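Take a look at the structure below.
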Amino acid sequence: MFNLNEFVFYPGYGVCTVESISKKTIGSAEMSFYNIRVLENNAKIMIPVKNEAEVGLRLLIKENEIQKVFDVLEEKSEKKSFAKKESWNKRFNGYNIKLCSSCLFEVAEVLRDLYTLKCEKELSFAEKKMFEKAKHLIIKEISTVMNMSETFVEEKIKKIFIKKTETPQSLKLDA
């Protein structure tokens, strides 16, 4: 059970705060709901307490897990050739499943793979949107956990990607 004013991650929406826990009678049953607010757009969502695991509601990652997210971003995605073998619609579906999961490491895989693909060819409109969403979800959660600006976290991620695309002869700044 989550506490009031606690930060939680809601898949597909990102970082939220638990504003209250309310009880409502639905039919003849009384149910408890988390009333959460999405930090990004102030949207309010009610989630049945009994469904928290099913919908993927979770606490934010711990500070000692942040490096694991950066490690996923630094991995060479050639190990996972999914991005290169599949058609854009299969990639889209696979990445969408990961983006809607409650695992930040899977979201990091999406960002890493789409960045690698972006270096090789232009992303489709849907993939560009997915890239931005993955980047935003990671930046928001890490900046909230570290209590640092989103700009700082975004710069740290950019440095990882710049380092990945560096060649001994030249530094490739735009990907």
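General remarks:
- Neighbour-limited loop hits for trypsin sites (Lys or Arg not before Pro), the range 15-115 (at most 10 other Cβ within 10 Å; DSSP other than H, G, I, E, B): Lys62, Lys76
- Note on Leu99, Leu111, Leu104, Leu59: ascending count of other Cβ atoms within 10 Å places them as Leu59, Leu99, Leu104, Leu111, the fewest first.
- Cross-link pairs exceeding 26 Å in C-alpha to C-alpha distance, out of Lys44/Lys90; Lys133/Lys163; Lys44/Lys98; Lys62/Lys90, comprise Lys44/Lys90; Lys62/Lys90.
- Mean separation of Cα pairs under 8 Å and 6 or more residues apart, divided by the residue count, gives the range 1-55 a relative contact order of 27 percent.
- Cross-link reach is defined here as a Cα-Cα straight distance under 13 Å, omitting same-chain residues fewer than 8 places apart; for Lys135 the aspartates and glutamates meeting it are Glu106, Glu109, Asp113, Glu127, Glu150, Glu154, Glu155.
- A Förster radius of 41 Å, combined with the Cβ-Cβ distance separating Thr151 from Met1, puts the computed FRET efficiency at roughly 0.75.
- Residues Ile61, Ile21 arranged by fewest to most Cβ contacts within 10 Å: Ile21, Ile61
- Ile36 sits among other residues whose Cβ lies under 14 Å from its own Cβ, and their net charge, with Lys and Arg +1 and Asp and Glu -1, is -1.
- Residue-averaged 222 nm ellipticity for the chain, from DSSP H runs of 4+ at -39500 (n - 2.57), nearest 500: -15000 deg cm²/dmol
- Value in Å of the Kirkwood radius, where the chain supplies the Cα pairs that are averaged: 17.5
A short reminder: the numbers here are calculations on the coordinates, not readings from a lab. Note that this is a predicted model, so its numbers are computed, not measured. Methodologically, a virtual Cβ is constructed for each residue, glycine included, from the backbone with ideal geometry; neighbour enumeration extends over all protein chains shown.
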